[in-house]
Each structure stands twice: as structure tokens, then as C-alpha cells.
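A short worksheet on the structure shown next.
The values are calculated or read from the model by the stated rules, or taken from the named source; none is laboratory data. Only a predicted model underlies this, so the values are computations on that prediction, with no experimental measurement involved. Counting neighbours? That spans all protein chains shown, and the Cβs are built from the backbone with ideal geometry, glycine included. In case anyone asks, the SASA skips ligands and DNA or RNA and just uses the protein heavy atoms, side chains included. Shrake-Rupley method; radii C 1.70, N 1.55, O 1.52, S 1.80 Å.
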Amino acid sequence: MKRIDKENYYLDIAETVLERSTCLRRCYGAIIVKSDEIVATGYNGAPRGRRNCVDLNFCTREAMGIPSGERYELCRSVHAEANAIISAARSDILGGTLYLVGRDAKTGDLLGDATSCSMCRRLVINAGIQRVVIRRSEREYDVVHVEDWVREDDSLPEPATQE
């Protein structure tokens, strides 16, 4: 038996965490690792004490026909990355790695296009996390260096093109 590499080991754990997700559209799991120890976990779901979309059998964004990746302020859920960051002290995650896995809630298929939204990117940056490892397939993943998110500031308007 071939031993699994560390990145996929942690991605498999994040994938198990996503099984707690309560979203009707996309299920995400995240873990934060520092010095080869899991510091925090998170999945997407309604804030503590509030009813979850799976319990309500209703998604506001879906009912309004809002495409994936847009209008997150209308979503009931706290995202997986945010929940993981909230669950840890900044000093414990500073310089760490966040592992992220997403699945389609209806089909169970891995989300090959999974990524952090712009709000979660800001949280990751401020938390001091250095890398984000995102699962693309059962054993393939991308590594994002958070400094790239700082440099490629997606909160700025696109420059106007000259014709």
C-alpha cells in the first residue's frame, strides 16, 4: 500500500468535515493546519442557533435565481473558511495552511472549481494564513499562496480599457 502524501491526507480530513455542511447548493469543508497539527475545522452552515437551509428545505439565493459566486450577503450560511478561522486564535493559525474541499450538494460531485469567495479571501488574509490548498479531483489540488490574493486585489474595480 502506497502512503498518502500530506496534502491529500489533510484534504481528505477537510472532505470529511464537509459532510456536516447544511447548504442545499454547495458543501464545503475547511481545516487549518500549522506545524503539522490541525488547529481548527469549519463547514458551511447557518450561524449557531439559527435554522439551517437543509432543515428549512429552502435556499434564498436559489429561490431568487442567483448564480453561484454572487450575492453572498443573502446566504444564511457562514462559510467553511470563516467558521474555521472563527474557531481558532489568530496566534494559532498565523503562518498556517487552510485546506478546502467542496462538493455539489445535489450530486455529491467534487467541485473542481472550488475557491474562496472574496469575503473569505479577506478573512484568510487577515488571519495570517500563508497557503490555501484546494482539492480539484480525488488526488489533484492547487496551492494558492495568500500573498497572491493580496497582490491581485479583487476588491478593486477593473481598470477601464481604452479603445
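Structure above, values below:
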{"read-out": "Number of the exception - Ala63 against (1) under 22 Å from Asp154 (Cα atoms); (2) modelled with pLDDT under 95", "value": "(1)"}
{"read-out": "Checking Glu70 against (1) in a loop (DSSP other than H, G, I, E, B); (2) closer than 20 Å to Ile13 by Cβ, the condition it does not meet", "value": "(2)"}
{"read-out": "Which numbered condition Ile66 misses (of (1) out of contact with any strand residue (DSSP E or B) (no Cβ under 7 Å at 6 or more places or on another chain); (2) open to solvent by less than 20 Å² (accessible area, probe 1.4 Å); (3) within 23 Å of Val146 (Cβ to Cβ); (4) not polar (S, T, N, Q))", "value": "(3)"}
{"read-out": "Failed condition for Leu74, given (1) farther than 26 Å from Gly128 by Cα; (2) over 15 Å from the mean Cα position of the chain (by Cα); (3) in contact (Cβ under 8 Å) with a residue 60 or more places away in the chain", "value": "(3)"}
{"read-out": "Filtered residue count, segment 89-123, keeping only those that are in a loop (DSSP other than H, G, I, E, B), among the hydroxyl-bearing types (Ser, Thr, Tyr) and free of Cβ contacts under 8 Å to residues at least 12 places away in the same chain", "value": "1"}
{"read-out": "Matching residues, segment 84-136, being under 17 Å from Ala40 (Cα atoms), among the hydroxyl-bearing types (Ser, Thr, Tyr) and open to solvent by 20 Å² or more (accessible area, probe 1.4 Å)", "value": "Ser87, Ser91"}
{"read-out": "Selected residue (criterion: surrounded by the fewest Cβ atoms within 10 Å (Cβ to Cβ)) from residues of segment 33-63 that are more than 19 Å from the chain's Cα centre (by Cα) and in a loop (DSSP other than H, G, I, E, B)", "value": "Gly49"}
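Here is a yes/no grid of residues against (1) touching an Asp or Glu at 6+ places or on another chain (Cβ under 7 Å); (2) within 20 Å of Tyr10 (Cβ to Cβ); (3) not aliphatic (A, V, I, L, M):
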{"site": "Gly45", "(1), (2), (3)": "no, no, yes"}
{"site": "Cys53", "(1), (2), (3)": "no, no, yes"}
{"site": "Arg61", "(1), (2), (3)": "no, no, yes"}
{"site": "Gly65", "(1), (2), (3)": "no, no, yes"}
{"site": "Gly112", "(1), (2), (3)": "no, yes, yes"}
{"site": "Ser118", "(1), (2), (3)": "yes, no, yes"}
{"site": "Arg122", "(1), (2), (3)": "no, no, yes"}
{"site": "Tyr141", "(1), (2), (3)": "yes, yes, yes"}
